[in-house]
Amino acid sequence: MKRALEKLSNLDDLIFLQDSTQNLNAGASPTKIPINQIKRTAQQPRRYFDEDKLESLAKSISDVGLLEPIVVREVDAQAYELIAGERRLRACQKLGHEFIAVNIIECDEEKARHIRLIENLQREDLNAYEEAISSLDLLALLLSIDVEDVVKLLYSLHHAYKGDTTSVTAQNMLGSDELKVIEEFFNKLGRLSWQSFVATRLPLLNLKDDIKLLLLEGKLEFSKALVISRVKDDTARATIAKQAIDNKKLSVAKIKELVNSANAGGAPVFLKEITIPVPKEVSRRLNKVSRRLKDNPIWDKPQEVNQLIKYLAQIEKLLG
């Protein structure tokens, strides 16, 4: 489905994209231009690309062609800057394509940056760290301040919100124009409140670099990444991270135990490898238990029978 520029998201009225004459994938027929004339900027918000998914996209483009043109803006004679569609561009480069279909739009650098950030925030596979970075970048543009100042502002608002709201300072801060912009931004983004963003996303900025990379690659959940990043010893941290990746069912509570143990001893923490039995083995053992129950002396011991019934109820609950 073609998306008009002014309808990229609910954020459009916040970032001055109401111009109905401009759109990303509508209007004139796409133009084909040489791929080597397209450059990426250092401000591209996406920081990680899954190679397997890129290969899959490249195969799809090879089979059925590029279904949606990428979006660029002309910055010089025969030179274009990428606005949206970096995965498609990378996939076409993998295929060795010399030309690619594009829609060329007219916009200045500020609007181009707005579009890139909005496009990135709308990705289905957006992870928590990328969401945090893109949200802060967009808020910095909306408030006309640096990202570092946005972080300080959010923490100050959070402290005022949690603290004494009867004081003049707190009242002024919680009734400020900045807060109104922030609240409107998160309401339109529709994912979480600004308070939740401060509590669950801003701490991700302080992750250890190795854990941050695992989060970017989608290998770790952000709640687990936050806990594992507290490990001081590099080897112990890498070991716990590997366990969390290999065993997806490893709970945050269990990870906290490992982290506390590692920090107390300063040594690597190794979990025993968890093996999941095959269904046939489980069924065999259950059948064996059933046969043993028939003439078992346990039936003459009321306390043990009650315990058996309790365990049976737990099994039935697990099986739904």
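Can Lys208 be described as basic (Lys, Arg), touching a residue at least 24 places away in the same chain (Cβ under 8 Å) and under 28 Å from Ile118 (Cβ atoms)?
no
Run Arg291 past the list (1) part of a helix (DSSP H, G or I); (2) surrounded by 14 or more Cβ atoms within 10 Å (Cβ to Cβ); (3) at pLDDT below 90 and report the number of the one that doesn't hold.
Only one criterion is unmet by Arg291, namely (2).
Among the residues of segment 118-131, write down those that are at pLDDT 80 or above and out of contact with any Pro (no Cβ under 9 Å at 6 or more places or on another chain).
Within segment 118-131, Ile118, Asn127, Ala128, Tyr129, Glu131 meet the criteria.
List the number of the failed condition for Ser60; all other conditions in (1) modelled with pLDDT of 85 or more; (2) on the phi > 0 side of the Ramachandran plot hold.
All conditions are met except number (2).
This table checks each residue for (1) at pLDDT 85 or above; (2) closer than 24 Å to Glu183 by Cα; (3) surrounded by fewer than 19 Cβ atoms within 10 Å (Cβ to Cβ); (4) not assigned by TED's automatic domain parsing to the domain that holds Leu189.
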| position | (1), (2), (3), (4) |
| --- | --- |
| Gly96 | yes, no, yes, yes |
| Val102 | yes, no, no, yes |
| Cys107 | no, no, yes, yes |
| Arg116 | no, yes, no, yes |
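If a residue must be among the β-branched types (Val, Ile, Thr) and out of contact with any helix residue (DSSP H, G or I) (no Cβ under 7 Å at 6 or more places or on another chain), how many such residues does segment 206-244 contain?
Summing the residues that are among the β-branched types (Val, Ile, Thr) and out of contact with any helix residue (DSSP H, G or I) (no Cβ under 7 Å at 6 or more places or on another chain) in segment 206-244 gives 2.
(1) part of a loop (DSSP other than H, G, I, E, B); (2) at pLDDT 90 or above; (3) in contact with a strand residue (DSSP E or B) (Cβ under 6 Å, 6 or more places away or on another chain): which one isn't true of Leu66, the others all being true?
Only one criterion is unmet by Leu66, namely (2).
Check off (1) crowded, with 20+ Cβ neighbours inside 10 Å; (2) not in a helix (DSSP H, G or I) for Leu154 and give me the number that stays unchecked.
(2)
So, restricting to helices (runs of 4 or more DSSP H) that lie completely within segment 187-255, which ones have at least 2 residues that are in contact with a Lys or Arg (Cβ under 7 Å, 6 or more places away or on another chain) and among the β-branched types (Val, Ile, Thr)?
222-228
Residue-by-condition table, conditions (1) in the same structural domain as Val259 (by TED's automatic domain parsing); (2) closer than 15 Å to Glu130 by Cβ; (3) among the small types (Gly, Ala, Ser); (4) surrounded by fewer than 20 Cβ atoms within 10 Å (Cβ to Cβ):
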{"position": "Ser196", "(1), (2), (3), (4)": "no, no, yes, yes"}
{"position": "Asp209", "(1), (2), (3), (4)": "no, no, no, yes"}
{"position": "Leu214", "(1), (2), (3), (4)": "no, yes, no, no"}
{"position": "Ile228", "(1), (2), (3), (4)": "yes, no, no, no"}
{"position": "Val231", "(1), (2), (3), (4)": "yes, no, no, no"}
{"position": "Ala236", "(1), (2), (3), (4)": "yes, no, yes, no"}
{"position": "Ile240", "(1), (2), (3), (4)": "yes, no, no, no"}
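Against the conditions (1) at pLDDT 85 or above; (2) in contact with a helix residue (DSSP H, G or I) (Cβ under 9 Å, 6 or more places away or on another chain), where does Glu257 fall short? Just the number, please.
All conditions are met except number (2).
The values are calculated or read from the model by the stated rules, or taken from the named source; none is laboratory data. Source: prediction; values computed, not measured. Cβ sites come from the backbone with ideal geometry, for glycine too, and all protein chains shown count toward neighbours.
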